[in-house]
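Working notes, structure below.
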Amino acid sequence: MTLGAGSSRDMPCELVTWDRFNSLARQLTQQIRASGIKVDMIVAVGRGGYMPARILSDLLGIMNLASFKIEHYRGSRKSPRAIIRYPLVADVNQQHILLVDDVSDSGDTFNVALEHLHSRGQPARIQTAVIHHKTVSTFEPDYYAEAVKEWRWIIYPWAVTEDLAVLMQAMQLEFTDTTLLQQQLFIHHGINVAVEQIEDALTLIKQSD
């Protein structure tokens, strides 16, 4: 399903700050530590999982970090199907793997990611972790920092520009006044956005024209 202008115009959103992300990442790390699981390798699902996986690698002291990229979303717009763009090249045989993404939204990405991991070898075990788990998802990760019971689009600090550009284009506004755009983003999406973030999104929109 692709979220177009009509369906995303009044979509509820949550803007996650770097400080909030750091707090949630520490909570997630504590959960994983408390479980006592063995982790030989952290595998990030790109692009959303790159930052959480890198932080978990640091906090858990696990230097064996790999990744592969799945293309599914452009901002809040979802493609009809997930595609493996850059396959995993690491040796996963007999490895205890922690598969990391930023959010479990529909569950489609994790289903594709797990299938891809199994196609690359025979891991000893795979467990999954995210920052946010939306309870409407068909897939429930083993570890998550926060459950999202009322659906909303979550904007992470590493994806602010892209996500805001998509939201602003969907509103189909003719003006580029940053103050007015701030007001409209709050009215339609419930988020308080800095002027600099709006300026970056406007620049990205112009580049794509």
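Read the figures in this text as sums done on the coordinates, not as results from a lab. All values reported here derive from a predicted model rather than from experimental measurement. Here the Cβ positions follow ideal geometry from the backbone for every residue, glycine too, while neighbour counts run over all protein chains shown.
Tabulated results
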quantity	calculated
Gaussian network model of the chain, Cα within-10 Å springs - most flexible of V39, V89, V130	V89
The chain: relative contact order in percent, alpha carbon pairs under 8 Å with at least 6 residues between	25 percent
Modelled FRET efficiency - R0 41 Å, K38 with Q183, Cβ distances, 0.05 increments	0.20
Sparse-neighbourhood loop sites, GluC sites (Glu not before Pro) in region 112-209 - DSSP loop, at most 14 other Cβ within 10 angstrom	E150, E174
Nearest 10 degrees, 0 to 90: helix 195-208 Cα axis against the chain principal axis	90 degrees
At most 14 other Cβ within 10 Å, DSSP loop - trypsin sites (Lys or Arg not before Pro), region 23-74	K38
With Cα atoms, 0 to 90° folded angle of helix 50-60 axis to the chain main axis	50 degrees
For the chain, built as a Gaussian network whose Cα springs stay under 10 Å, the top-fluctuating residue of D40, D19, D163	D19
Long-range amide H partners of C13 with built H, under 5 Å	W153
Relative contact order of region 49-154, pairs being alpha-carbon contacts under 8 Å that are 6 or more residues apart, as %	23 percent
For region 118-209, size of Cβ-based charge dipole, Lys and Arg +1, Asp and Glu -1, in debye	520 debye
Most mobile of I62, I70, I155 in a GNM of the chain (Cα contacts under 10 Å)	I62
Residue (of L99, T179, V130) at the positive-pole extreme of region 58-209, dipole from beta-carbon charges	L99
Loop sites in region 89-172: trypsin sites (Lys or Arg not before Pro), DSSP, at most 13 other Cβ within 10 Å	K149
Within region 18-151: Cβ-based charge dipole about Cα centre, in debye rounded to nearest 20 (Lys, Arg +1; Asp, Glu -1)	240 debye
Cβ-placed point charges (K, R +1; D, E -1), dipole of region 111-153 about Cα centre in debye, nearest 20	60 debye
Rounded to 10°, Cα long-axis angle of helix 18-35 versus longest principal axis of the chain	20 degrees
